[in-house]
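Student: One structure, pasted below without further comment.
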Amino acid sequence: MLSWYATFGTPCIFITTNLNRMSEILRRIVKAKNLEENPFFKDPDSRIIEITSDKGEVFTGYYQADDGTYYTEKDWLDHQRQLELEQLAEQEYQAQQEKLAAEREARALKIAALEAMNKKNKSTGTTKWIKFFGIASILIAVIAITYSFWPRATNIQKTTPNTVAVDTLKTSTKVNKFGNATITGTDVRMRAEPDLKGKIVTFFPDEGERIEMLQAANDSVNWAQVRRENGITGWVYGQYVKADTLQD
């Protein structure tokens, strides 16, 4: 009895179960057709539970993609894996493009910073040169002004002034008095040669200036050669020169 059940009972139960399931599938398909609906039944994971062919064959375990294509479970997994790879490739491409854009932006910022630095260095260098030349010009001007006012040594020949003894209250005092003659006029000209056409060397603005007479005027030359206290030597017309008189 048990062997008979084991031999025929299990297949009968399987067949009965499948027949009942097929009947339910056919009933649902017929109902869907009567309602003019798509004769596909899906679970929450979008897996097609049942599908019928044009010949009325019913299949289970199919998946429907977004484009309407149907896949077996294995093909569906491959399809999903391919979609994931495509998404990863797209994400990698977008990340690479963003990285390139960031690198280009960083390069542009670096170039702009270098240009600004070069411009600043050039401006700073120009300013330094301007300051340098300005300071140098000021120093040159100061040196020139100082040199123009610096006292110069004149070529004055040493003369031995006459010593005149003056008695004052029985006290003998020596007074150094330059020259041995006196100018007797105002604005008297000293010339380079003993001639009225001679070049004017200088003139005596005041009367009474002491001079040293090197050569007195005479009948042949009515000019006296004289020397001022500052060393300038020239000729003065004789009537404007008065020699000192010798006193015992």
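Student: Starting at the first residue of region 81-96, write each ³J(HN,Hα) from the Karplus equation 6.51 cos²θ - 1.76 cosθ + 1.60 with θ = phi - 60°, in whole Hz, x for Gly and Pro.
Tutor: 5, 5, 4, 5, 5, 5, 5, 4, 5, 5, 5, 5, 5, 4, 5, 5
Student: What does the net charge come to around residue 207 if you take all other residues with beta carbon closer than 13 Å to its beta carbon, with K and R at +1 and D and E at -1?
Tutor: -1
Student: Something else about it: Working out 0.36 nm times the residue gap between residue 121 and residue 98, then minus their Cα-Cα distance, what length gain in nm do you get to one decimal?
Tutor: Difference between extended and current length: 4.9 nm.
Student: Quote the charge dipole size of region 87-130 about the Cα centre in Debye, to the nearest 20; the model charges only the Cβ of Lys and Arg (+1) and of Asp and Glu (-1). Numbers along the way, then the final one.
Tutor: Values: 8 positive and 6 negative charges, 130 e Å.
Roughly 620 debye, rounded to the nearest 20.
Student: Whose amide H sits under 5 Å from the amide H of residue 201, counting only residues 5 or more places off or on another chain, with H placed in the peptide plane?
Tutor: Placed amide hydrogens put 190, 191, 192 under 5 Å from residue 201.
Student: With θ set to phi - 60° and the Karplus curve 6.51 cos²θ - 1.76 cosθ + 1.60, what are the ³J(HN,Hα) couplings of region 183-200 in order, to the nearest whole Hz, using x for Gly and Pro?
Tutor: 7, 10, x, 10, 6, 7, 8, 10, 10, 6, 10, x, 7, 5, 8, x, 5, 6
Student: Residue by residue, what Karplus-based ³J(HN,Hα) values in Hz, rounded to whole numbers, does region 215-224 have, using 6.51, -1.76 and 1.60 with θ = phi - 60° and x for Gly and Pro?
Tutor: 8, 7, 5, 9, 5, 7, 10, 8, 10, 10
Student: Kirkwood-based Rg over Rh for region 86-139 (C-alpha set), two decimals?
Tutor: 1.57
Taken together, the values in this text are just the output of simple stated rules run on the coordinates, not laboratory data. Here the structure is a predicted model, which means the values were calculated and not measured. For neighbour counting, all protein chains shown are included, and Cβ atoms are generated from backbone atoms with ideal geometry for every residue, glycine included.
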